[in-house]
1. For the charge dipole of the chain, defined by +1 on Lys and Arg C-beta atoms and -1 on Asp and Glu C-beta atoms about the Cα centroid, which residue among 48, 5, 34 has the Cα displaced farthest towards the positive pole?
2. Which value in nm describes the separation of the simple spin-label points at residue 19 and residue 51, placed 7 Å from the Cα toward the beta carbon?
3. Between exposed trypsin sites (Lys or Arg not before Pro) in the chain, where DSSP calls loop and at most 15 other Cβ atoms lie within 10 Å, what's the longest gap?
4. Given the Cα atoms of the chain, and with Rh set as the inverse mean 1/r over their pairs in the Kirkwood sense, what is Rg to Rh to two decimals?
Amino acid sequence: MLAAPSAAIDLPLKILVRQAGNGKVWMAYNCTAYLQQRHGFPLELTPNIAAVEAMAAKAGE
């Protein structure tokens, strides 16, 4: 957050998980590229927040 203080609005990272009436489960989160573009932090810091995408992929298995 020192590199881009506005990132505090999106941190800590969150994944929204919901189940529809038909039983289908949906996940939503802000991807790393979107957060980097939105807050303008250096590209070398993106691995620090890329874990959300790996966690979502693992949860979706």
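1. 34
2. Between residue 19 and residue 51, the label points sit 2.7 nm apart.
3. On the way: sites that count: 14, 24.
Maximal segment without exposed cleavage sites: 25-61.
4. Working: Rg = 13.4 Å, Rh = 12.7 Å.
Rounded to two decimals, Rg over Rh is 1.06.
Here, each number is a calculation from the coordinates, and none is a lab measurement. Predicted model only: the values in this text are computed from it and were never measured. Note: ideal-geometry Cβ built from the backbone for every residue, glycine included; neighbour counts use all protein chains shown.
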